[in-house]
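Readers should treat all values here as calculations from the given coordinates under stated rules, not as data from a laboratory. Keep in mind it's a predicted model, so treat the numbers as computed, not measured. Don't worry about glycine lacking a Cβ; one is built from the backbone with ideal geometry, like all the others, and counts go over all protein chains shown.
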Amino acid sequence: MISHRKSVRSEGKRRARSTPAHQASQPPPTAPVRGTPDRHTSKTRSKVEATVTCLVTFESDTWRLERDDLVRALASDWPQAEVSVAHPDSPGAEVRAVEWIVRSEHGMLEGYAHSNGQCVYLEGPIELVADFAVWYRRLLPADLQVIFCDESYSFDGVIPPDAVRGDVLAIVESAGQS
């Protein structure tokens, strides 16, 4: 489901509410940027899994993944994803142009895309983060060097165009992370 965020004033305080995209009357602002911890644990199916925050990024003077193309790909390939699209002029839209949540048997993945079309931030169980990183890599031209790293750059590595989950997990394991 794709939705837009609208700001709602209630008792002098601002809060966000989601509205399905087909019901949005005007381009809405995004939710404010919130901080995320480096690592924490969350219960998933009676076991505790570490949650990691990672980036998938590339640099190019000539190519970017357009916001609308990312939204279409998410809707097509991750139909269970809850997607929010920020109005380009809203506060925080530069780093959170598109936000999504995906729930699976591995847990919950939260992601957001930078407005420059060259970086996504992912937070969730490493298996789901790795699956999403592989999927995202396939949306990009094969000649781009796509980097997978954690938010503190304690590990990083190149995701090849034909990568599988194990390739991304090997990047993490090479730094002693899990």
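Brief remarks follow.
- Comparing CYS119, VAL164, SER152 along the charge dipole axis of the stretch 40-173, the residue lying farthest to the positive side is VAL164, per the Cβ-charge model.
- With a Förster radius of 25 Å applied to the beta-carbon distance between ASP143 and ALA75, the computed FRET efficiency rounds to 0.40.
- Extending 7 Å from Cα along the Cβ direction at GLU66 and again at SER104 yields two label points whose distance is 2.7 nm.
- Rounded if a/c under 1.5, otherwise prolate or oblate - the stretch 40-173, Cα gyration tensor axes: oblate
- 5 Å binning of all Cα-Cα separations within the stretch 100-156, expressed as whole percents from 0 upward: 4, 17, 29, 27, 17, 6, 1
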